[in-house]
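See structure below.
The values are calculated or read from the model by the stated rules, or taken from the named source; none is laboratory data. As the structure is a prediction and not an experimental result, all values here were calculated from the model. All Cβ positions, glycine included, derive from the backbone under ideal geometry; neighbour counts span all protein chains shown. Remember, those area values only see protein heavy atoms, side chains included, never the ligands or the DNA or RNA. Shrake-Rupley method; radii C 1.70, N 1.55, O 1.52, S 1.80 Å.
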Amino acid sequence: MKKTFLILLILLSFISKSQSLDTIQQFNYKKHFELIVKESKKRGSNYLYETQLQKYNNNESQTNLEVLALLIGFTESKNYDPYADIFLDKTIYDLNEEKKFDEAIAQGKAILAQKPFIIPILREMAYAYSQKGENEKAEQYMIRTGKIYNAMFYSSKSTGININEAMFALGPKDGQYFIKYFIEAPLGDMGSGSDENGYFIDILSTTFKNKEAIFNFNIDHAMKKMREKMKKK
């Protein structure tokens with residue numbers, strides 16, 4: 001009986017470790033997305049959404065996996081509305097154009113308090129602070145955008161070139177921002193398709209280092225959110 005109990009404990013320990021995020025060598029959407037969602041809600045976990053959000057907002061050091069888990073955790077938030085969020089930066093952009101930097105910062109902070117990962121708003125915040133001469137604060141917002149880009153890059157074994165190993169993107173325009181601002185390449189044709197698992201993929205072309213390239217971004221979670229929202233109407 002004792003031997004059986006010991007074997008059971010060892011087996012349970014092995015299963016627990018095998019499901020731990022710390023054992024992930026390479027993120028795979030099919031294998032790990034739901035696992036990360038569950039872990040982001042687990043009290044006491046290093047990957048608890050609130051824990052990683054605090055680190056992100058305080059500009060503390062985070063691994064790419066921690067940031068990826070943070071982004072995936074946000075897909076469960078009531079504030080996650082990826083297609084509606086596309087237009088949220090326009091007002092802040094206009095305020096910056098009018099040199100109303102304090103107003104832009106105030107509105108940006110209010111939005112980011114609910115939706116912390118909207119890349120163009122993070123960029124507009126950085127711009128507003130830089131125009132006020134507050135370069136340290138500007139840099140903090142650019143660091144946050146950098147964390148998002150690096151987590152996206154980390155999420156694909158093939159850097160998004162293979163449609164079946166697409167990069168994770170939180171929103172439907174994040175792939176465009178990745179190409180324009182992270183790798184600093186022109187945006188070419190835009191399309192969509194499905195990978196071998198039926199996940200919705202954003203397919204974007206560019207010219208990178210004088211060569212044509214196609215990058216794939218998995219936004220299946222964003223599409224599911226949009227469908228859920230449409231069903232409720």
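Points to keep in mind about this one:
- Amide proton proximity set for ILE161, modelled H, under 5 Å, gap of 5+: ASN216
- Per-peptide packing, taken as the mean over residues of other Cβ atoms within 10 Å, places 81-89, 171-179 in the sequence 171-179, 81-89 from highest down.
- Put simply, the Cα atoms of the range 133-233 extend 47, 39, 23 Å along their principal axes, the longest span coming first.
- Estimated [θ] at 222 nm from DSSP helical runs (n ≥ 4, -39500 (n - 2.57)) normalised by residues in the chain, nearest 500: -16000 deg cm²/dmol
- Beyond 31 Å in Cα-Cα separation lie the following of the pairs LYS78/LYS211; LYS55/LYS132; LYS137/LYS173: LYS78/LYS211.
- Solvent-accessible surface (1.4 angstrom probe) belonging to GLU60, in square angstrom, nearest 10: 80
- Spatially proximal aspartates and glutamates relative to LYS157 (Cα-Cα < 16 Å; intrachain offsets below 8 disregarded): GLU165, ASP195, GLU196
- Long-range tail of P(r) for the chain (Cα pairs > 31 Å, %): 28
- Dipole magnitude for the chain: about 1040 debye, using +1 per Lys or Arg Cβ and -1 per Asp or Glu Cβ, origin at the Cα centre.
- Centre-to-centre, using Cα atoms only, the range 40-93 and the range 145-166 are separated by 17 Å.
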